[in-house]
Amino acid sequence: MMILHQDFVKVAKKFSKKLAIIDRTRDSKVSYSKALIASLILSKKFQKYEEQYIGVMIPTSAGCFLTILGLLMTGKVPVMINYSTGAAENCEYAQNKIGFKTIITSQALLDKIGCPLVPGMICIEDIMKEITTINKLSAALKSKLPATMISNSFPKADMDDDVVILFTSGSEKDPKAVQLTHRNIGSNIESIRAFLELSENDIMMSILPLFHVFGHNINFWLPLSIGMTAVTYANPLDYKTIPKIMKEEKISVIAATPIFFSGYLRESTPGDFETCRIMIAGADKCPEPLREGYMKKHKKVLLEGYGATETSPVISANIPDQNKPGSIGKILPNIRVKITEINTGKELPRGQEGKILVKGDLVMKGYYDDIEETSLHIKDGWYDTGDMGILDEDGYLWHKGRLKRFVKIGGEMVSLVKTEDVLEKLLPAGVDCCVVEIPDPRKGARLIAAVTGKVNDKEMINKMSKSLPSIAIPSQFILFDELPKMGSGKMDFRTITEMVKERFQK
């Protein structure tokens with residue numbers, strides 16, 4: 001097990017001449033020795049901030065990687081802030097929730113997204129201007145010391161100290177601040193490395209934002225803990241450019257959300273993914289047509305995995321020689337999963353559907369300053385994911401939707417995810433849908449489908465009735481120009497529900 005920033009020092013010393021980061025946004029290359037020197041310089045600059053928690057709002061880049069390392073080396077904890085939606089509001093929310101003021105950000109980002117300066121913001125560009133020749137020489141000399149001596153110069157760190165604060169997506173209710181420790185992320189890295197057989201020879205495409213746990217571990221800590229090269233690019237939505245980078249940099253590993261993979265498939269040309277040996281979709285369900293598209297166009301198997309912010313994140317994954325398409329894969333080493341009955345909590349046998357619970361060193365310390373929410377989600381070390389699933393006879397996990405996306409209608413439990421699956425297959429390509437429940441005085445609840453394409457209600461209800469019972473079929477289809485999504489590409493269920501209620505009341 002590892003103290004992550006101390007482990008980085010060892011890796012940087014071992015692979016000193018090797019490229020740690022190829023930053024394709026800024027066209028810069030950073031070797032492991034330079035990354036160590038730069039993070040030591042920044043750690044010196046960050047010493048003037050007295051707070052333990054410091055906000056970080058920088059796109060995926062060498063600058064973001066080095067800022068996080070520099071903060072940890074000086075005994076601070078980075079609080080990652082989502083800039084994809086409502087950046088200023090998210091900054092203030094994080095400051096109020098955690099009780100800090102300083103946020104390290106980038107002027108280039110603020111200009112690009114039109115975010116006003118929030119009190120406490122400091123731009124990394126201004127910090128860089130303050131770096132003197134003496135700072136550089138001092139850090140370069142320090143980097144030549146043995147790894148243990150360098151690490152001993154940092155404030156004392158413990159395995160159960162926070163290594164990052166990340167916020168949950170907030171797609172269902174207000175985001176919660178998740179405390180992940182060195183033990184949490186470190187154990188998950190060890191499990192992933194063994195399961196996927198990763199080595200320092202792999203080249204990682206790092207495009208996911210580091211304010212999401214998926215990007216924070218898989219695109220940042222994982223490559224730098226192994227000695228891989230991370231190829232960063234700040235905008236995962238640049239669907240035309242990323243496949244070209246994949247080809248040019250000979251990428252061997254990429255993890256992304258299905259919505260991102262969909263864009264890369266559309267804009268790529270055969271050969272772009274030639275060197276890729278592992279392609280894993282996570283953070284949302286992977287549609288069958290997307291898997292088929294990659295096989296047809298690139299002769300590549302798009303694998304699917306599963307995780308949660310609270311589990312650092314990876315719980316299960318399909319891998320090249322153990323893959324059941326449609327499942328979310330086998331449980332990673334050193335992680336326990338059980339399926340329990342919703343009401344009694346009793347463990348269910350293989351093949352029966354229930355709640356997914358997870359146990360192991362990957363489970364978060366807790367929600368920051370929220371003992372009540374923490375105790376609701378973690379009991380006897382078991383984290384309740386809030387997801388429904390099945391563990392089959394071969395040990396593969398199958399995701400059946402969020403428990404919160406099950407509704408009780410006429411005394412029966414109805415899966416909104418299952419209804420959406422049936423509806424998606426009947427809608428034209430490119431039309432989004434989201435099924436929500438609204439109160440109904442007679443039935444308790446009724447289902448309404450929000451769609452981005454015109455639907456003949458009567459015809460659609462008739463078609464859906466061939467696959468679903470009447471209680472699981474929306475009674476109405478409401479047309480919207482677009483449906484709001486989270487930064488990861490997931491539907492923003494909370495906002496869509498409010499939109500539907502508002503339209504329905506009119």
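The values are calculated or read from the model by the stated rules, or taken from the named source; none is laboratory data. Note that this is a predicted model, so its numbers are computed, not measured. When we count neighbours, we look across all protein chains shown, and the Cβ atoms used for this are built from the backbone with ideal geometry, even at glycine.
The figures follow:
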| item | result |
| --- | --- |
| Looking only at the range 6-42, and only at residues there that are out of contact with any helix residue (DSSP H, G or I) (no Cβ under 7 Å at 6 or more places or on another chain) and of a type in the set (Val, Ile, Thr), the one that is modelled with the lowest pLDDT | Thr25 |
| Candidates Ala94, Ala108, Ala87 - the one that is of a type in the set (A, V, I, L, M), out of contact with any Phe, Trp or Tyr (no Cβ under 8 Å at 6 or more places or on another chain) and crowded, with 19+ Cβ neighbours inside 10 Å | Ala87 |
| Hits in the range 268-306 - residues which are at negative phi and among the small types (Gly, Ala, Ser) | Ser268, Ala281, Gly282, Gly293, Gly305 |
| Any hit, the range 136-146, residues being crowded, with 17+ Cβ neighbours inside 10 Å, among the aliphatic types (A, V, I, L, M), more than 27 Å from the chain's Cα centre (by Cα) and modelled with pLDDT of 95 or more | yes |
| Scan of the range 348-377 for residues that are assigned to a strand (DSSP E or B) and under 26 Å from Leu416 (Cβ atoms), ordered by number | Gly354, Lys355, Ile356, Leu357, Val358, Tyr367 |
| Verdict on Thr374 being under 19 Å from Pro313 (Cα atoms), assigned by TED's automatic domain parsing to the domain that holds Ser169 and in contact with a Gly (Cβ under 9 Å, 6 or more places away or on another chain) | yes |
| Residue within the range 61-69 that is crowded, with 21+ Cβ neighbours inside 10 Å, in a loop (DSSP other than H, G, I, E, B) and modelled with pLDDT of 95 or more present | yes |
| Some residue of the range 325-337 being within 23 Å of Ile185 (Cα to Cα), of a type in the set (D, E, K, R), out of contact with any Ser or Thr (no Cβ under 9 Å at 6 or more places or on another chain) and surrounded by fewer than 16 Cβ atoms within 10 Å (Cβ to Cβ) | yes |
| Wholly enclosed strands (runs of 3 or more DSSP E) of the range 253-320 bearing at least 1 residues of a type in the set (Val, Ile, Thr) | 253-256, 278-281, 314-317 |
| Of all residues in the range 257-308 being in contact with a strand residue (DSSP E or B) (Cβ under 6 Å, 6 or more places away or on another chain) and touching a residue at least 60 places away in the same chain (Cβ under 8 Å), the one that is farthest from Val213 (Cα to Cα) | Ile278 |
| Failed criterion for Ile104 (all others in (1) free of Cβ contacts under 8 Å to residues at least 60 places away in the same chain; (2) in a strand (DSSP E or B); (3) farther than 17 Å from Ser39 by Cβ hold) | (3) |
| Subset of the range 122-181 (residues that are of a type in the set (A, V, I, L, M), closer than 16 Å to Gly70 by Cα and either in contact with a Lys or Arg (Cβ under 6 Å, 6 or more places away or on another chain) or touching a residue at least 24 places away in the same chain (Cβ under 8 Å) (or both)) | Ile124, Ile127, Ile131, Ala139, Ala140, Ala147, Ile150, Ala157, Val163, Val164, Ile165 |
| Condition check for Leu42: under 18 Å from Lys156 (Cβ atoms), touching a residue at least 40 places away in the same chain (Cβ under 8 Å) and either over 25 Å from the mean Cα position of the chain (by Cα) or assigned to a helix (DSSP H, G or I) (or both) | no |
| Residue within the range 39-59 that is of a type outside the set (S, T, N, Q), surrounded by 18 or more Cβ atoms within 10 Å (Cβ to Cβ) and under 16 Å from Ile226 (Cα atoms) present | no |
| Any hit, the range 400-417, residues being under 25 Å from Phe167 (Cβ atoms), buried (at least 17 other Cβ atoms within 10 Å of the Cβ) and at pLDDT 90 or above | no |
